[in-house]
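*Asks:* So that we are looking at the same thing, I have put the structure below in structure tokens.
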Number of protein chains: 2
Amino acid sequence: MHFSGKSNIKLPCERFSVVYKLFGNEKEAYAKAKDICLEQTVEFPEELVPEGVIADHIVGRIEDFKSIAGGESYEAVISYPVDCAAGEFTQLLNVVFGNISIKTGIKVERLELPEKLLSIFKGPRFGIEGLRELLKVQDRPLLFTALKPMGLTNEELSELAYKFALGGIDIIKDDHGLSNQSFSPFDERVRLCSEAVARANRETGRHCIYMPNVTAPYSDALARAKRAKELGAGGLLISPGLAGLDTLKTIAEDDSIALPVISHPAFQGSYVLSNNGISHGVLFGQIARLAGADGTIYPNFGGRFSFSKEECQSIARMSTEEMGSLKPIFPCPAGGMSLQSIPESLAVYGKDVIFLVGGGLFRHGDDVVENSRYFRKLVEQ
Amino acid sequence: MHFSGKSNIKLPCERFSVVYKLFGNEKEAYAKAKDICLEQTVEFPEELVPEGVIADHIVGRIEDFKSIAGGESYEAVISYPVDCAAGEFTQLLNVVFGNISIKTGIKVERLELPEKLLSIFKGPRFGIEGLRELLKVQDRPLLFTALKPMGLTNEELSELAYKFALGGIDIIKDDHGLSNQSFSPFDERVRLCSEAVARANRETGRHCIYMPNVTAPYSDALARAKRAKELGAGGLLISPGLAGLDTLKTIAEDDSIALPVISHPAFQGSYVLSNNGISHGVLFGQIARLAGADGTIYPNFGGRFSFSKEECQSIARMSTEEMGSLKPIFPCPAGGMSLQSIPESLAVYGKDVIFLVGGGLFRHGDDVVENSRYFRKLVEQ
């Protein structure tokens, strides 16, 4: 089959690259690399790809291919035209991992995006430096906890928020399961918890913020974020796996909101847990950062989830390493972190980290104010 | 730690259930089931869960637990209060698989939703019956193809659309990689391809429809769908893995659009490919249907992807079995389907299926009109 003519589109030559880890022997891995080049662009039989600009520029290009991990797997660097991403986060993700998400033994290990592509992202508004300025905390890890358990009334949740703030927590978020339930309506919760934290701040002279969960249906996500701001929230929590990565981006980049945003990993775990998917560092580091999160929550090593120390370190690294003009963001290790694990985590992450201790903060003793003070002491040592 | 008082929220007793497949030995599997009950609701240490309504109703409840597959794995039915889902698709998905997406060896096998929960979904507008009426095709599988490869001009794509329609294809979609690239701007593409298909319909007297890809960033997704309608599109394609499942729902349920919508699996594959995730039938059947898709695209067995015949059959089954008042929807097997595989697929799916043949339709011979006629003959036998 041939077309009415070779495509005569004009395509600027700038390209971006994706590093893929490929499982299998060398022949299989190389076949996967070749396949990715077609699948992620033309999705067309190789022998029928029109010559000229489509074959030469649109189709992905293997820029490098080598064995890694002592020959156990392979790594391919594949480049695509920047224009294939159409200046859209959704389409960029589609080129990176759309159809090949349905193929086995392919993992996205790194995005290498030139400035032209990074320019479609405003990136994190606060980042590490901005969030530290907002909270007036420069020299220690930030303390983060969650209002829970689901099923408390908004009055009870706001009372907890008051106590956490009094005890010295820096950021208090909704548990990620709190949305707009009949037993905890969103607007009322945001108002009460914002007031409770403000009351504690007046007493302590500190700058604790409350972050409600704005993970919501399409029709209400942006509106809910705006209402949260009006009702006194100091930041926002969102689960992009549920609401969409571009929804996070839209909320983070909205200048009428202009609040720090932290990303929660709910519904995203399947991408990182097998040989098919996206690496921890790319999903919770690079992609969260592109989306404009100022901090990225993920389960810490040694907790009730299965991430290794190395995987967690890769998230921290890709949250902070140079990425054009995008600000570095806070890794927020969480997920069953106990207060006992803080010293080890401090050694791993250093001070530019936000420790999210939820249930563990209730376990230490009967008084959450005292528990929060104890948490604070652990990071001030 | 105890709270200011037991929560005194009132909770209607209606519950919904999720069937999970759990990997490991019996003890491990049962521990996973218990863990899910907490993780997906209160996310709180078991010993600290407040007595009363939270312990008795909010926390998930194991309704059944048994070994399956000859003891190789286990199955737990876990129920949650309908009110925990807050009447929101996003929050329902969060309760079903939010945090536990980050735990290994847990797979969602079935959703069992009572009418009260189903009522938050309008469901598919057309479904099998409605789409057949729209296309005036009652007694055979529907024929579906894609405009590709990426890199053709909009004029070339529209010329292809004309030929496909002339040859007897029922639904012609954008390749899922076409969004709003500089070399194929969305509005122009929709206008040209809609006109081309209308021209062919005038010549053939048939009712072929063109479905542009409306997968788009948050700020433009709904608007793009509305523009597509105004520009003459006969249906819409969307990848909910990229745009968000609730974005699909919003577009499908919008009465000012009221076009058939077909779901594409891009960026969703990782959920089904390992022992952590969501089963093929739930993700591409039940969830696509809840979101309001009239058809669900997935890679057919025997193509260039790895789904088994049984997995494909489970998608077809869960797309069509009774689910409250939600209409049955079309399974759309695709993904490297060749024309040669049609007879076998006919035997597996019967007539209520949409065969999506993309690249394979170019392979048969040089003339896509003739290739389309041949495709048509294969299903009319």
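*Asks:* I need the full set of residues from region B:61-112 which are small (Gly, Ala, Ser) and outside any strand (DSSP E or B), in order please.
*Replies:* B:ALA69, B:GLY70, B:GLY71, B:ALA85, B:ALA86, B:GLY87, B:GLY98, B:SER101, B:GLY105, listed by residue number.
*Asks:* Restricting to region B:56-79, what's the tally of residues that are out of contact with any Pro (no Cβ under 6 Å at 6 or more places or on another chain), within 14 Å of another protein chain (Cβ to nearest Cβ) and either of a type in the set (Asp, Glu) or crowded, with 17+ Cβ neighbours inside 10 Å (or both)?
*Replies:* Residues in region B:56-79 being out of contact with any Pro (no Cβ under 6 Å at 6 or more places or on another chain), within 14 Å of another protein chain (Cβ to nearest Cβ) and either of a type in the set (Asp, Glu) or crowded, with 17+ Cβ neighbours inside 10 Å (or both): 4 in total.
*Asks:* Now, a different point. Working only within region A:273-288, note down all residues that are part of a loop (DSSP other than H, G, I, E, B) and more than 19 Å from A:THR320 (Cβ to Cβ).
*Replies:* A:LEU273, A:SER274, A:ASN275, A:ASN276 - these are the residues of region A:273-288 that are part of a loop (DSSP other than H, G, I, E, B) and more than 19 Å from A:THR320 (Cβ to Cβ).
*Asks:* Of everything in region A:154-177, what is touching a residue at least 24 places away in the same chain (Cβ under 8 Å) and closer than 17 Å to B:LYS10 by Cβ? Give them in sequence order.
*Replies:* If the condition is that a residue be touching a residue at least 24 places away in the same chain (Cβ under 8 Å) and closer than 17 Å to B:LYS10 by Cβ, then A:ASN154, A:GLU155, A:LEU157 are the ones that fit.
A quick yes/no check of all residues on (1) within 14 Å of chain B (Cβ to nearest Cβ); (2) farther than 30 Å from A:ASN276 by Cβ:
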| position | (1), (2) |
| --- | --- |
| A:LYS116 | yes, no |
| A:PRO124 | no, no |
| A:GLU133 | no, yes |
| A:PRO141 | no, yes |
| A:MET150 | yes, yes |
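*Asks:* Shifting gears a bit: Take region B:328-364 and flag every residue that is at positive phi and within 14 Å of chain A (Cβ to nearest Cβ).
*Replies:* If the condition is that a residue be at positive phi and within 14 Å of chain A (Cβ to nearest Cβ), then B:GLY335, B:GLY336 are the ones that fit.
*Asks:* Oh, and also: With respect to B:LEU273, is the statement that it is over 18 Å from A:ALA85 (Cβ atoms) and facing chain A (nearest Cβ under 9 Å) true?
*Replies:* When the stated conditions are applied, B:LEU273 passes them.
A quick yes/no check of all residues on (1) surrounded by fewer than 24 Cβ atoms within 10 Å (Cβ to Cβ); (2) among the acidic types (Asp, Glu):
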| residue | (1), (2) |
| --- | --- |
| A:VAL190 | no, no |
| A:CYS193 | no, no |
| A:ALA198 | yes, no |
| A:ARG206 | yes, no |
| A:PRO217 | no, no |
| A:ASP220 | yes, yes |
| A:ALA225 | no, no |
| A:GLY232 | yes, no |
| A:LEU242 | no, no |
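*Asks:* Report, by residue number, each residue of region B:202-238 that is under 25 Å from B:LEU142 (Cα atoms) and facing chain A (nearest Cβ under 7 Å).
*Replies:* B:THR215
*Asks:* If you don't mind, another one. Output the number of the condition that B:ASP139 fails; it satisfies all remaining conditions of (1) touching a helix residue (DSSP H, G or I) at 6+ places or on another chain (Cβ under 6 Å); (2) more than 30 Å from A:PRO81 (Cα to Cα).
*Replies:* (1)
*Asks:* Which one is farthest from A:GLU43 (Cα to Cα) among residues in region B:327-371 that are in contact with a Ser or Thr (Cβ under 9 Å, 6 or more places away or on another chain) and without any contact (Cβ under 8 Å) to a residue 60 or more places away in the chain?
*Replies:* The qualifying residue farthest from A:GLU43 (Cα to Cα) is B:PRO331.
*Asks:* Going by what's in this entry, would B:GLN313 be described as free of Cβ contacts under 8 Å to residues at least 60 places away in the same chain, out of contact with any Phe, Trp or Tyr (no Cβ under 9 Å at 6 or more places or on another chain), at negative phi and part of a helix (DSSP H, G or I)?
*Replies:* It is false that B:GLN313 is free of Cβ contacts under 8 Å to residues at least 60 places away in the same chain, out of contact with any Phe, Trp or Tyr (no Cβ under 9 Å at 6 or more places or on another chain), at negative phi and part of a helix (DSSP H, G or I).
*Asks:* Search region B:172-188 for residues being at the interface with another protein chain (Cβ under 8 Å from one of its Cβ atoms) and surrounded by fewer than 23 Cβ atoms within 10 Å (Cβ to Cβ), and hand back the single one that is nearest to A:LEU93 (Cα to Cα).
*Replies:* B:ASN180
*Asks:* Do we have A:LYS21 as among the basic types (Lys, Arg), modelled with pLDDT of 95 or more and surrounded by 18 or more Cβ atoms within 10 Å (Cβ to Cβ) here?
*Replies:* So A:LYS21 passes the test.
*Asks:* With the condition being outside the structural domain of B:ALA288 (by TED's automatic domain parsing), I'd like the helices (runs of 4 or more DSSP H) fully within region B:177-257 carrying at least 1 qualifying residues.
*Replies:* So the answer is none; nothing clears 1.
*Asks:* Moving on. Do the conditions hold for A:GLU43, that is, is it touching an Asp or Glu at 6+ places or on another chain (Cβ under 9 Å), within 12 Å of another protein chain (Cβ to nearest Cβ) and at positive phi?
*Replies:* It is true that A:GLU43 is touching an Asp or Glu at 6+ places or on another chain (Cβ under 9 Å), within 12 Å of another protein chain (Cβ to nearest Cβ) and at positive phi.
*Asks:* For region B:268-279, indicate whether the set of residues that are buried (at least 24 other Cβ atoms within 10 Å of the Cβ) and hydroxyl-bearing (Ser, Thr, Tyr) is non-empty.
*Replies:* Among the residues of region B:268-279, at least one is buried (at least 24 other Cβ atoms within 10 Å of the Cβ) and hydroxyl-bearing (Ser, Thr, Tyr), which makes the answer yes.
*Asks:* Looking at the structure I just gave you, is B:GLU344 charged (D, E, K, R), within 19 Å of the chain's Cα centre (by Cα) and in the same structural domain as B:GLY167 (by TED's automatic domain parsing)?
*Replies:* Taking the combined requirement at face value, the residue does not satisfy it.
*Asks:* I've got another one for you. For the list (1) over 30 Å from B:LYS116 (Cα atoms); (2) in a helix (DSSP H, G or I), I need the number of the one condition that B:SER306 fails.
*Replies:* All conditions pass for B:SER306, except number (2).
Matching residues to (1) within 14 Å of chain A (Cβ to nearest Cβ); (2) surrounded by 15 or more Cβ atoms within 10 Å (Cβ to Cβ); (3) at pLDDT 95 or above; (4) touching a helix residue (DSSP H, G or I) at 6+ places or on another chain (Cβ under 9 Å):
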| residue | (1), (2), (3), (4) |
| --- | --- |
| B:PHE3 | yes, yes, no, yes |
| B:SER7 | yes, yes, no, yes |
| B:LEU11 | yes, yes, no, yes |
| B:ALA29 | no, yes, yes, no |
| B:LYS32 | yes, yes, yes, yes |
| B:ILE36 | yes, yes, yes, yes |
| B:GLU39 | yes, yes, yes, yes |
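*Asks:* Further question on the same structure: Please count how many residues of region B:293-321 are closer than 20 Å to B:LEU242 by Cβ and away from chain A (no Cβ under 12 Å).
*Replies:* Residues in region B:293-321 being closer than 20 Å to B:LEU242 by Cβ and away from chain A (no Cβ under 12 Å): 5 in total.
The values are calculated or read from the model by the stated rules, or taken from the named source; none is laboratory data. Worth saying up front: this structure is predicted, and the values here are computed from it rather than measured. Ideal geometry is used to build each Cβ from the backbone, glycine not excepted, and the neighbour counts take in all protein chains shown.
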